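Undergrad: Following this message is one structure expressed as structure tokens.
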Amino acid sequence: MPTFEKLFRAPYAVPNDLQVVDEALWIVDQITDRVALIEMGPPSDYGVTKLIREIPSESSNTSGLTYGEGSLWMAANGPGTLWRPSRPTDAQAGMGEIFKVDLRTGRTLGRYPVPGGGGVHGIEIDPFEAGMLWITTLQEQTLTKVRTADWSIQHVIPLPYHRAHGVVREADGIWVVHTSDRVIVKLDVQDGRELARITVPDSEPQPHGLCRYGRDMLYCDATSGWVTRISL
């Protein structure tokens, strides 16, 4: 039976995805589109952990984050004008994009369209298949695997619910958050059938972004700012 533990609040007001690297945590803000690397230690008196460093980005309305190929990858779910003034680098309305970002400077190394158009939330570099990236293709209510070298679609599976968010690839399946339904389902990577599920109680923060943390998982809540551990 999974258990839930609120660990600390994010350094940003609207944390929308996160990624553990070694003993630190990358976390992205949906409003400013900045990314912070923070310590995973106990929180301070203010309920947050130490900021190691942060970088800007040219992403917009950022809703997904993953790490791979020596870079950060960010899901731009359309323009950022709902939250801030427009920038010339913003994604267009109704047309999400994936940004490949230098993790030292925030410089854009590449930007790619969401397959089929539409919005995007969670993304995940596949740790078991080199050069593959999973993308929540929300317009079609699917999860799409692309090859990063040429941005070609390799596979598509259906998603069981709307508002898919954070994604974690495992050896035996792929976990996908469905925020509004407060469930995290493990899907078969071949046909999308459900293999397992975690229901997040109403007493816990709402799940948005998701990442693996050792044997456990972490999720962030863009509404409350909490980072929560799920012990499996």
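Undergrad: Could you list, in sequence order, all residues of segment 27-52 that are at pLDDT below 95 and among the hydroxyl-bearing types (Ser, Thr, Tyr)?
TA: 44, 46
Undergrad: Between a first residue in segment 212-232 that is at pLDDT below 95 and a second residue that is part of a loop (DSSP other than H, G, I, E, B) and not aliphatic (A, V, I, L, M), which pairs have beta carbons less than 8 Å apart while being 6 or more apart in sequence or on different chains?
TA: Here the result reads 232/2; 232/215, each pair linking segment 212-232 to a residue that is part of a loop (DSSP other than H, G, I, E, B) and not aliphatic (A, V, I, L, M).
Undergrad: Tell me yes or no: at least one residue of segment 146-154 is within 20 Å of residue 91 (Cα to Cα) and under 15 Å from the mean Cα position of the chain (by Cα).
TA: Within segment 146-154, not a single residue is within 20 Å of residue 91 (Cα to Cα) and under 15 Å from the mean Cα position of the chain (by Cα).
Undergrad: For segment 27-41, name all the residues that are touching a residue at least 12 places away in the same chain (Cβ under 8 Å), in a loop (DSSP other than H, G, I, E, B) and of a type outside the set (Lys, Arg). Talk me through it step by step, then tell me what you get.
TA: Step one: filter segment 27-41 for residues touching a residue at least 12 places away in the same chain (Cβ under 8 Å), giving 27-40.
With in a loop (DSSP other than H, G, I, E, B) added as a condition, the list becomes 30-34, 40.
Passing the criteria: 30, 31, 32, 33, 40.
Undergrad: Can you name the condition, by its number, that residue 124 falls short on among (1) farther than 22 Å from residue 30 by Cα; (2) among the acidic types (Asp, Glu); (3) surrounded by 19 or more Cβ atoms within 10 Å (Cβ to Cβ)?
TA: (1)
Undergrad: Please report, ordered by residue number, the strands (runs of 3 or more DSSP E) entirely within segment 113-232 with at least 1 residues that are of a type in the set (Ser, Thr, Tyr) and closer than 23 Å to residue 36 by Cβ. Even if it seems obvious, please write down each step before you answer.
TA: On the way: elements: 123-125, 132-137, 142-147, 152-158, 164-170, 173-178, 183-187, 194-199, 209-213, 216-220, 226-231.
Because the criterion is at least 1 residues that are of a type in the set (Ser, Thr, Tyr) and closer than 23 Å to residue 36 by Cβ, the strands (runs of 3 or more DSSP E) in segment 113-232 that meet it are 132-137, 209-213, 216-220, 226-231.
Undergrad: Pick from 177, 183: which is within 19 Å of the chain's Cα centre (by Cα) and over 15 Å from residue 121 (Cα atoms)?
TA: On the way: 177 fails: over 15 Å from residue 121 (Cα atoms).
So the residue among 177, 183 that is within 19 Å of the chain's Cα centre (by Cα) and over 15 Å from residue 121 (Cα atoms) is 183.
Undergrad: Any chance segment 145-161 includes a residue that's closer than 29 Å to residue 223 by Cβ, of a type outside the set (A, V, I, L, M) and in contact with a helix residue (DSSP H, G or I) (Cβ under 9 Å, 6 or more places away or on another chain)? Outline the logic, then answer.
TA: Keep residues of segment 145-161 that are closer than 29 Å to residue 223 by Cβ, which gives 157-161.
Of the ones still in play, those that are also of a type outside the set (A, V, I, L, M) are 158, 160-161.
Then drop every residue that is not in contact with a helix residue (DSSP H, G or I) (Cβ under 9 Å, 6 or more places away or on another chain), which leaves 158.
Yes, segment 145-161 contains a residue that is closer than 29 Å to residue 223 by Cβ, of a type outside the set (A, V, I, L, M) and in contact with a helix residue (DSSP H, G or I) (Cβ under 9 Å, 6 or more places away or on another chain).
The values are calculated or read from the model by the stated rules, or taken from the named source; none is laboratory data. Given the structure is predicted, the values throughout are model-derived calculations rather than measurements. So basically every Cβ, Gly included, is an ideal-geometry build from the backbone, and we count neighbours across all protein chains shown.
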